[in-house]
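**Student:** Below: one structure in structure tokens.
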């Protein structure tokens, strides 16, 4: 084996940069730059050639803009994520029918009441029915609530509904949940 000595070649010999000079051996071979120098060259190449390559990362800029309040769309009154509570016992009840049925609901669900069914009817539309409380009153979300079974009887058809009515302190009874039963007369 022969021993090779190292010497610096070219302009790098006069002003050596830390780890960036190429060295050749007396045997004619080339020695690679140090690992730190190799990483520095790669970083420099990435900084120079990446913007020129056309496949760089997108540039994201943020600008502050003042938007007039009138330009903003109005907030929606309902988003559809929460089901709207029912407003009556069905679409076939008119305003007067619902007023009479709601009065029967209020009397039947009253915690001070006797717990018996309360009937209602409207001779003008031939609709009638009853509201029967099915459980004891209970408190839910700071409201007095009570479950019920209601009937709506019309000429030629009738239906039964199960539901829950709730009333805030000092307020009126409102339907929280109503669903039809499977049994009809």
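**Student:** List every residue pair whose Cβ atoms sit under 9 Å apart, with the two residues 6 or more apart in sequence or on different chains, where the first one lies in the range 137-152 and is on the phi > 0 side of the Ramachandran plot and the second, anywhere, is surrounded by 19 or more Cβ atoms within 10 Å (Cβ to Cβ) and part of a strand (DSSP E or B).
**Tutor:** Qualifying pairs under 9 Å: 141/166.
**Student:** Given the criteria part of a helix (DSSP H, G or I), in the same structural domain as residue 172 (by TED's automatic domain parsing), surrounded by 12 or more Cβ atoms within 10 Å (Cβ to Cβ) and at pLDDT 90 or above, does residue 104 qualify? Explain how you work it out, then say what you get.
**Tutor:** Numbers: part of a helix (DSSP H, G or I): yes; in the same structural domain as residue 172 (by TED's automatic domain parsing): yes; surrounded by 12 or more Cβ atoms within 10 Å (Cβ to Cβ): yes; at pLDDT 90 or above: yes.
It is true that residue 104 is part of a helix (DSSP H, G or I), in the same structural domain as residue 172 (by TED's automatic domain parsing), surrounded by 12 or more Cβ atoms within 10 Å (Cβ to Cβ) and at pLDDT 90 or above.
**Student:** Still on this structure, please answer the following. Please pick out the residue among 51, 133, 73 that is surrounded by 10 or more Cβ atoms within 10 Å (Cβ to Cβ) and modelled with pLDDT under 90.
**Tutor:** 51
The values are calculated or read from the model by the stated rules, or taken from the named source; none is laboratory data. Only a predicted model underlies this, so the values are computations on that prediction, with no experimental measurement involved. A quick note on method: Cβ atoms are made from the backbone with ideal geometry, for glycine too, and the neighbour counts reach across all protein chains shown.
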